[in-house]
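First the structure, in the form of structure tokens, and then the observations on it.
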Amino acid sequence: QERLVESGGGSVQPGGSLKLSCVYSGSDFDQFTMDWHRQARGKQRELVTFFTASGKIWYTDSVKGRFTISRDNSKNTVYLQMNNLKPEDAAVYYCKANNGPEMYWGQGTPVTVSA
């Protein structure tokens, strides 16, 4: 059984927006740091953003001002709002849940950005 299920990926034109969702099916979601990573074709997977259990948020420089991570602990869900998408944002986006002893990855959701 998958612990994390992402959705919301798709194809958009440059400048467009998408909102990704990732639902966690286990318990104690509020104790997990939730990350979004992405992997473009032919490249290594990279960390895009994270939201810790204590509320710390971090973004990689290339998405600052365009992407927003949020979480709803009542719904066991983390979101990634992506605005002003660029061709270089195209990738498979993965969420990850980590609380130290446990770590889970989702299956990924693809994002395509092209004119």
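The values are calculated or read from the model by the stated rules, or taken from the named source; none is laboratory data. Remember, predicted model here, so these are calculated numbers, not experimental data. Quick reminder, even Gly has a Cβ in these numbers, built from the backbone with ideal geometry, and neighbours come from all protein chains shown. We work out accessible area using only protein heavy atoms, side chains counted, and drop any ligands, DNA or RNA first. Shrake-Rupley method; radii C 1.70, N 1.55, O 1.52, S 1.80 Å.
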Counting Lys and Arg as +1 and Asp and Glu as -1, each charge on the Cβ, what is the dipole of the chain about the Cα centre in debye, to the nearest 20? 280 debye
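Give me Rg over Rh for the chain, both radii from the alpha carbons and Rh done the Kirkwood way, two decimal places.
A ratio of 0.95.
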Among 5, 52, 83, whose Cα projects farthest towards the positive end of the dipole of the chain, with charges put on the beta-carbon of Lys, Arg (+1) and Asp, Glu (-1)? 83
Which one of 27, 11, 70 has the biggest mean-square fluctuation once the chain is modelled by GNM with Cα springs under 10 Å? 27
If I model a spin label as a point 7 Å beyond the Cα along the Cα-Cβ vector, how far apart are those points for residue 30 and residue 84 in nm? 3.4 nm
Using a Gaussian network model of the chain whose springs link C-alpha atoms within less than 10 Å, name the residue from 23, 12, 78 with the highest mean-square fluctuation. 12
Give the longest segment of the chain that steers clear of trypsin sites (Lys or Arg not before Pro) in DSSP loops with at most 13 neighbouring Cβ atoms within 10 Å, not counting the sites themselves. 65-115
Could you check which residue among 31, 44, 81 shows the biggest mean-square fluctuation in a GNM of the chain with a 10 Å Cα cutoff? 44
Expressed as a whole percentage, what fraction of the accessible surface of segment 1-108 belongs to carbon and sulfur atoms when a 1.4 Å probe is rolled over the protein heavy atoms? 45 percent
